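The values are calculated or read from the model by the stated rules, or taken from the named source; none is laboratory data. Since this is a predicted model, take the numbers as computed values, not measurements. Cβ coordinates were reconstructed from backbone atoms using ideal geometry, including for glycine residues, and neighbour counts include every protein chain displayed. Areas reflect the complete protein model, heavy atoms only, side chains present, ligands, DNA and RNA absent. Shrake-Rupley method; radii C 1.70, N 1.55, O 1.52, S 1.80 Å.
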Amino acid sequence: MDTPLNLRDRTKIFTGFALGAVLLAGLFVSGCGKVQFSEDPALQLEFSADTILFDTVFTTIGSVTLPLKVYNRNTEAVRIDEIELVGGSESPFRVNIDGEVGPSVSDWPILAEDSLWVFLEVTVDPNALSTPFVIEDELRFNTNGNEQHVDLIAWGQNAHFHGGLGELNPLPSCDEVWTNDLPHVIYGIVEVEPGCTLTIEEGTQVHVHDGSGLLVYQSTLNVEGELGNEVVFQGDRLESSYEDVPGQCGIEIDFQFETEYGIEEVTAQRGGIWLYGGVECTMDYAVLKNGTIGLQVDTTGTDQAPALDIRNTVIHNMSAYGLYAQGGTIEGYNNLFYDCGQSTAAFTLGGAYKLDHCTFANYWSEGVRQSPSVLFTDWYEDINGNIQVRSLEGSAFNNCIFWGNNYSLTDFDELVVSLLNPPASPFIRYSAVDVQDPDFPTEILEATLTDNTPPFASTSDRDFHLSSNNTLWDGGASQFAIGLDLDGLPRAIGQPDMGCYERQQ
């Protein structure tokens, strides 16, 4: 996990540079002749940029490290008398020059037609502003009395911070409400304790630190987004270079176990949102992106309601799974799951799932994907090596699309099921699936397409609206009263379309 100053990592990074600097200094005093440094004040340095701009950085959280390269294009060696932050020790910026940490460094040599690296970071102090604010300083170079400057600019953003460095960080109150006045940042594992409730209001931006997440343990989470004012969960790096980077967040649990070779240490990945025995949780108009596992649902809910009712939600760009369920109970509709390094959704260890008008589309492009877009299993192997079966009875998927960019590969299905005790009646109806395996249990399908590529508007642009008017893509009866699609547009009466979007005539 990064610390604000990232000192250990930076020490490793700059060790080579520091060693190189020592060797270089030796060259100046040994060899055939002594290096002569020009004292001409007219000699100028050149820089790879005249301004170093940091994208928005949360207060108290350190930024990424940005480089600046300093060139001596002259035919004579020069000595930089001083490199310093104008703000001195009070500056929010930090400077590292070939291994030496500022705020200032003196008497730095550069050979003729040579260069040096300068590395910069920033940590922003909080203030009372709710909107982003600008932080500025200058990096000043003094060479033979000649001053040159590089501007340093960062945008700061205040936030509500939750959690800390402890293993578990319970919320301070049993009935917590997160409003949208400021972003919310999660550090470590933030727990909604048993019997308690966390409500997240519409428009709230939730940012999750690396290795962190929200644990809803035998408790309730209500995510109350609205169309056009969704609740968004993502990583806490706001730099533009992190905008589409998967794997930025998700709970990590370190544990040890004994093997024949000794004690092994393992890091287990869990969801950025982990419902463990969730009680009547709801999620409406939410966006989860750029994590490891977006949403994990474990064990059953109450007798009266599912563990999770999820509607109008988009989960995408996860390095492992979008939705990972283990014996969960989930209901919902109008959800879009796409682009995950393994599966957009995995329904494992049995459970009861009732989902309508969901699109599962895996067009992952960050590397080779070997898992299907969607996976179902109803069994597991216990610690004694015995196979345990947990039923999927009562599950139903109506008007859904299960597809991905591996559909054309031989011996590869985008829908894979491994069932030892299939439900007595079909549980996938009026849907479109990619199935080639001759041993696939087709008895679980009813009125379902198995070899028709969905006419998505643009998979390259990740636009999963249906572009064809072909009645082939008309669905059938829904399990719920669904008047609108994910866009908030009317559903057709009688035979609504497959997937999360309705074609508008």
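Reported count of residues in the range 391-446, each being among the aliphatic types (A, V, I, L, M) and touching a Lys or Arg at 6+ places or on another chain (Cβ under 6 Å), is 1.
Scanning the range 356-393 for residues that are at positive phi and surrounded by 13 or more Cβ atoms within 10 Å (Cβ to Cβ) yields a total of 1. Across the range 380-387, a minimum of one residue is classified as part of a strand (DSSP E or B), without any contact (Cβ under 8 Å) to a residue 24 or more places away in the chain and either within 26 Å of Pro441 (Cα to Cα) or not aromatic (Phe, Trp, Tyr) (or both). Residue-level check: of (1) of a type outside the set (S, T, N, Q); (2) more than 15 Å from Gly494 (Cβ to Cβ); (3) open to solvent by 40 Å² or more (accessible area, probe 1.4 Å), Ile444 misses just (3).
Which members of the range 349-362 meet the condition of being within 18 Å of Arg462 (Cα to Cα) and touching a strand residue (DSSP E or B) at 6+ places or on another chain (Cβ under 6 Å)? Passing the criteria: His357, Thr359, Phe360, Ala361, Asn362.
Restricting to the range 44-78, what's the tally of residues that are part of a loop (DSSP other than H, G, I, E, B), open to solvent by less than 50 Å² (accessible area, probe 1.4 Å) and more than 30 Å from Asn146 (Cα to Cα)? Of the residues in the range 44-78, 5 are part of a loop (DSSP other than H, G, I, E, B), open to solvent by less than 50 Å² (accessible area, probe 1.4 Å) and more than 30 Å from Asn146 (Cα to Cα). In the range 83-103, the residues that are at positive phi reach residues that are of a type outside the set (Ser, Thr, Tyr) and not in a strand (DSSP E or B) with C-beta atoms within less than 6 angstrom, at least six apart or across chains, in these pairs: Gly88/Pro103; Asp98/Phe17; Asp98/Ala21; Gly99/Phe14; Gly99/Phe17; Gly99/Ala18.
Any residue that is at pLDDT below 95 and either farther than 18 Å from Tyr333 by Cα or of a type in the set (Phe, Trp, Tyr) (or both) - is there at least one of those in the range 485-505? Yes, that holds for at least one residue.
Within the range 340-355, the set of residues being at pLDDT 95 or above and either open to solvent by less than 10 Å² (accessible area, probe 1.4 Å) or touching a His at 6+ places or on another chain (Cβ under 6 Å) (or both) comprises Cys340, Ser343, Thr344, Ala345, Ala346, Phe347, Tyr353, Leu355. Among the residues of the range 174-194, some residue qualifies, meaning at least one is assigned to a strand (DSSP E or B), in contact with an Asp or Glu (Cβ under 9 Å, 6 or more places away or on another chain), open to solvent by 40 Å² or more (accessible area, probe 1.4 Å) and modelled with pLDDT of 95 or more.
Any residue that is under 19 Å from Ser212 (Cα atoms), of a type in the set (Val, Ile, Thr), out of contact with any helix residue (DSSP H, G or I) (no Cβ under 6 Å at 6 or more places or on another chain) and open to solvent by less than 20 Å² (accessible area, probe 1.4 Å) - is there at least one of those in the range 293-301? Checked the range 293-301: at least one residue is under 19 Å from Ser212 (Cα atoms), of a type in the set (Val, Ile, Thr), out of contact with any helix residue (DSSP H, G or I) (no Cβ under 6 Å at 6 or more places or on another chain) and open to solvent by less than 20 Å² (accessible area, probe 1.4 Å).
Within the range 451-466, take every residue that is out of contact with any helix residue (DSSP H, G or I) (no Cβ under 8 Å at 6 or more places or on another chain) and either surrounded by 13 or more Cβ atoms within 10 Å (Cβ to Cβ) or modelled with pLDDT under 95 (or both) and give me the one that is farthest from Val389 (Cα to Cα). Selected residue: Ala457. Taking the range 199-248 as the range and being farther than 17 Å from Trp178 by Cα, touching a strand residue (DSSP E or B) at 6+ places or on another chain (Cβ under 8 Å), open to solvent by 60 Å² or more (accessible area, probe 1.4 Å) and of a type in the set (Asp, Glu) as the test, the residues that pass are Asp210, Asp244. Against the numbered list (1) out of contact with any strand residue (DSSP E or B) (no Cβ under 7 Å at 6 or more places or on another chain); (2) of a type in the set (Val, Ile, Thr); (3) free of Cβ contacts under 8 Å to residues at least 60 places away in the same chain, Ile61 comes up short only at (3). For the range 81-133, a residue qualifies if it is among the aliphatic types (A, V, I, L, M), assigned to a loop (DSSP other than H, G, I, E, B) and open to solvent by 20 Å² or more (accessible area, probe 1.4 Å), and the qualifying residues are Val86, Leu111, Ala112, Ala128, Leu129. Give Leu484, Leu472 a once-over and let me know the one that is open to solvent by 40 Å² or more (accessible area, probe 1.4 Å), among the aliphatic types (A, V, I, L, M) and touching a residue at least 40 places away in the same chain (Cβ under 8 Å). From the options Leu484, Leu472, the qualifying one is Leu484. If I filter the range 308-339 down to residues being touching a His at 6+ places or on another chain (Cβ under 8 Å) and free of Cβ contacts under 8 Å to residues at least 40 places away in the same chain, which single residue comes out as surrounded by the most Cβ atoms within 10 Å (Cβ to Cβ)? Residue satisfying both the conditions and the ranking: Gly322. The set of residues in the range 410-439 that are closer than 23 Å to Asp339 by Cβ, open to solvent by less than 80 Å² (accessible area, probe 1.4 Å) and assigned to a loop (DSSP other than H, G, I, E, B) comprises Phe412, Asp413, Glu414, Ser431, Asp434, Val435.
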